[in-house]
1. In this structure, is GLU146 open to solvent by 80 Å² or more (accessible area, probe 1.4 Å) and either at pLDDT 95 or above or among the aromatic types (Phe, Trp, Tyr) (or both)?
2. Determine whether ASN176 is within 20 Å of PHE96 (Cα to Cα) and either in contact with a strand residue (DSSP E or B) (Cβ under 7 Å, 6 or more places away or on another chain) or without any contact (Cβ under 8 Å) to a residue 12 or more places away in the chain (or both).
3. Just one of (1) at pLDDT 90 or above; (2) not in a helix (DSSP H, G or I) trips up ALA160, so point out which.
4. I'd like the full set of residues that are modelled with pLDDT of 90 or more, buried (at least 17 other Cβ atoms within 10 Å of the Cβ) and either farther than 22 Å from ALA160 by Cα or touching a Leu at 6+ places or on another chain (Cβ under 6 Å) (or both), limited to segment 89-129.
Amino acid sequence: MKVRGLSALVTVLVLALLVLVGSRYLKSQKNIASDDMKSQLTPNEQKKKGLKEIIAGNLQKQEEMVERKDFDDASLLVRERVYTEAEINNMSEVEFRALLVETEAKLPTVGDIRKLPAGALHRTPAPVMQAGKDLGLLKEVLKVHESYERDAVNFYKKCALTKERPMSVKALCLTNLIEIKKKNGEKLNLAAFPSDVVELTRLITDM
């Protein structure tokens, strides 16, 4: 049980890293909540609060990892296509759909992670870090083009249900899906998703 608990904690931290990396890449990082009301939080809320504090304390290290060009191995990363603000603002729905297809093809699988050298697993693997940035780009586009959300919803559902994806990536996709549903006042049947992915998502969201 200790091993399983440790594995869950590592997965939670990886997912949290992804969220922050995407925010850093898109310059939309959210501020960490103050600790003034910490004593009034429930045990569950304190757990989330503590996780955020840990992430904040290691933010500088995370940024250095993102800024590295090679990560674990340069061959692991596809040459990144950087979109300008104008390109995002003028992106058509057809172009966004093409971006979804491209992003899906780039998302790592469990097999990709297993192929990494042992040393690369001592920190967040490069493919997982890149997935956070790629998914963050989609969120940036959706901020400008809300009408494209219907395509994004299908993408996120498929991502969160794909068995071959690392749990941290699936949970991030589910988190993004929940955010869209909440914003539009729609309900999401969480029972349709793997329970471990749902539980991991609960740890970093207010659902």
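The values are calculated or read from the model by the stated rules, or taken from the named source; none is laboratory data. Computed from a predicted model, the values in this text were never measured in an experiment. Every residue, glycine among them, receives a Cβ derived from its backbone with ideal geometry; neighbour counts consider all protein chains shown. Keep in mind that these areas ignore ligands, DNA and RNA; they rest on the heavy atoms of the full protein, side chains included. Shrake-Rupley method; radii C 1.70, N 1.55, O 1.52, S 1.80 Å.
1. Spelling it out, GLU146 is indeed open to solvent by 80 Å² or more (accessible area, probe 1.4 Å) and either at pLDDT 95 or above or among the aromatic types (Phe, Trp, Tyr) (or both).
2. no
3. (2)
4. Once the filter is applied, which keeps residues that are modelled with pLDDT of 90 or more, buried (at least 17 other Cβ atoms within 10 Å of the Cβ) and either farther than 22 Å from ALA160 by Cα or touching a Leu at 6+ places or on another chain (Cβ under 6 Å) (or both), segment 89-129 yields only MET91.
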